[in-house]
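In what follows, a structure is listed as structure tokens, so that the remarks can point back to it.
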Amino acid sequence: MVQMKFLTIHCAATPEGRDVKAGTISQWDIAKFNQVSYHQVIELDGTAVRTLPDQTRGAHTGGHNTGNIGICYVGGVDKNNKVPKDTRTPAQRATMKRIVADYKRLYPGIVVRGHRDWPGVAKACPSFDVAGWLKAEGLA
Ligand SMILES: [Zn+2]
């Protein structure tokens, strides 16, 4: 069994309000990377869909996928599909908070960060300050 050391939060880079389902994101990933990228995807209504078992290596953080859980929320770009934006709905935020808390219990010491917090990442993903959000939610 691989010990989980990291939890990386992503956005799907879909426009605000567009109700893309987890299955669609997995299909995009399979088309692009030949495998499912994330372990769970949080849909607009807050539903968390399990897309990979935790023990299956994901493909979401270049060069750092071993022992790294990938969580992706649907959204992350403004309505015009131009500017990175924290588009999380209240339901998505609540689910994300629960998921992070669950993983922290399951894997004590797990480091939670945003995709953009990894060295050398030039993307805005997940379009919000994960460290600040964790602090605000009492999860830091
Ligand atoms: Zn990402």
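What does the C-alpha gyration tensor say about the overall shape of region 45-103? Classify as rounded when a/c is under 1.5, otherwise prolate if a/b is larger than b/c, or oblate. Present the calculation step by step, with values, prior to reporting the outcome.
Numbers: a/c = 2.49, a/b = 1.37, b/c = 1.81.
Cα axes put region 45-103 in the oblate bin.
Averaged over every viewing direction, what's the projected area of the C-alpha convex hull for the chain? Give it in nm², one decimal, please.
Values: hull surface 31.3 nm².
With the hull built on Cα positions only, its mean projection is 7.8 nm².
With every protein chain present, what is the per residue accessible area of the chain (1.4 Å probe, Å²)?
51
Enter the accessible area of residue 28 (Å², nearest 10), with the probe set to 1.4 Å and all protein chains included.
That residue has around 120 Å² of solvent-accessible surface.
Kindly state, to the nearest 0.05, the FRET efficiency for residue 104 paired with residue 49, given R0 = 22 Å and r defined as their beta-carbon distance.
The value I calculate is 0.60.
Placing +1 at every Lys and Arg Cβ and -1 at every Asp and Glu Cβ, with all other atoms neutral, what dipole size does region 42-140 have around its Cα centre, in debye to the nearest 20?
Computed charge dipole of region 42-140: roughly 80 debye.
Can you give the accessible area of residue 134, probe radius 1.4 Å, in Å² rounded to 10?
The accessible area of residue 134 comes to roughly 10 Å².
Once R0 is set to 25 Å, what does the formula 1/(1 + (r/R0)^6) return for the Cβ-Cβ distance between residue 123 and residue 5, expressed as a FRET efficiency to the nearest 0.05?
After rounding, the FRET efficiency stands at 0.70.
Which percent of the accessible area of region 6-136 is formed by carbon and sulfur heavy atoms (probe 1.4 angstrom)? Walk me through the intermediate numbers first.
Values: 3390 of 6350 Å².
Its accessible area is 53 percent carbon and sulfur atoms.
Obtain the nm distance between the two label points defined at residue 78 and residue 30 by a simple spin-label model: each point lies 7 Å from its Cα along the Cα-to-C-beta direction.
According to this spin-label approximation, the distance is 3.5 nm.
For n ≥ 4 DSSP H runs only, could you compute -39500 (n - 2.57) per run for the chain, divide by its residues and tell me the 222 nm figure to the nearest 500? Display every interim value, and only then the final one.
On the way: 3 runs with 36 residues, N = 140.
Result for the chain, helices only: -8000 deg cm²/dmol.
The values are calculated or read from the model by the stated rules, or taken from the named source; none is laboratory data. What you see is a predicted model; the values in this text were computed from it and never measured. Here Cβ is always computed from backbone atoms with ideal geometry, including for glycine, and neighbour counts include all displayed protein chains. These area figures cover heavy atoms from the full protein model, side chains too; ligands, DNA and RNA do not enter into them. Shrake-Rupley method; radii C 1.70, N 1.55, O 1.52, S 1.80 Å.
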